[in-house]
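Beneath this line is the structure, given in structure tokens, with notes to follow.
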Amino acid sequence: MTASGVNIHPEDLEAAIDQEPGVLACAVVGLDTASGPEPCAVLAFRGARAQAAAAIEHANSRLAEFQRILRWELWPEPDLPRTSTGKVRRQGCSYMASG
């Protein structure tokens, strides 16, 4: 739920970002900001930070305005934390988003 009261589904944002070249894995987590909660993407990315920024910008062009990612971070390892069934562990990524 954003500060404006709109419900955002992380899976929708992740699906758009996962389509981008260089994205190895993505998790969208809620980030508490001064203006209220907003989505933050954490990326395992192959390439430079500028390429990751371009990937986020391109993914945002396919999302509704209220869904767009304004904050994102690069994960320092080749893959995001995962559960025993292979799903991305969003909770494990949230510390990166808050830092």
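The values are calculated or read from the model by the stated rules, or taken from the named source; none is laboratory data. Because the structure is a prediction, the values reported are computed rather than measured. Every residue, glycine as well, gets a Cβ built from its backbone with ideal geometry; the counts of neighbours run over all protein chains shown. Accessible surface areas use protein heavy atoms only, side chains included; no ligands, DNA or RNA. Shrake-Rupley method; radii C 1.70, N 1.55, O 1.52, S 1.80 Å.
For this structure, a couple of remarks:
- Applying the condition of being farther than 26 Å from ALA48 by Cβ and among the acidic types (Asp, Glu) to the stretch 1-33 and asking which residue is least open to solvent (accessible area, probe 1.4 Å) yields ASP12.
- Every residue from the stretch 53-80 that is modelled with pLDDT of 95 or more, under 14 Å from ALA41 (Cβ atoms) and part of a helix (DSSP H, G or I): ALA53, ALA54, ALA55, ILE56, GLU57, HIS58, ALA59, ASN60
- Cβ-Cβ contacts under 8 Å between residues 6 or more apart (or on different chains), taken from a first residue in the stretch 36-52 that is in a strand (DSSP E or B) to a second residue that is loosely packed, with under 12 Cβ neighbours inside 10 Å, are listed as GLY36/SER4; PRO37/MET1; ALA44/GLU77; ALA44/PRO78; ALA44/ASP79.
- Qualifying residue in the stretch 81-93 (condition: part of a helix (DSSP H, G or I) and either modelled with pLDDT of 90 or more or farther than 15 Å from GLU11 by Cβ (or both)): yes
- The set of residues in the stretch 34-70 being open to solvent by 30 Å² or more (accessible area, probe 1.4 Å), over 11 Å from ALA16 (Cα atoms) and in contact with a helix residue (DSSP H, G or I) (Cβ under 7 Å, 6 or more places away or on another chain) consists of PHE45 alone.
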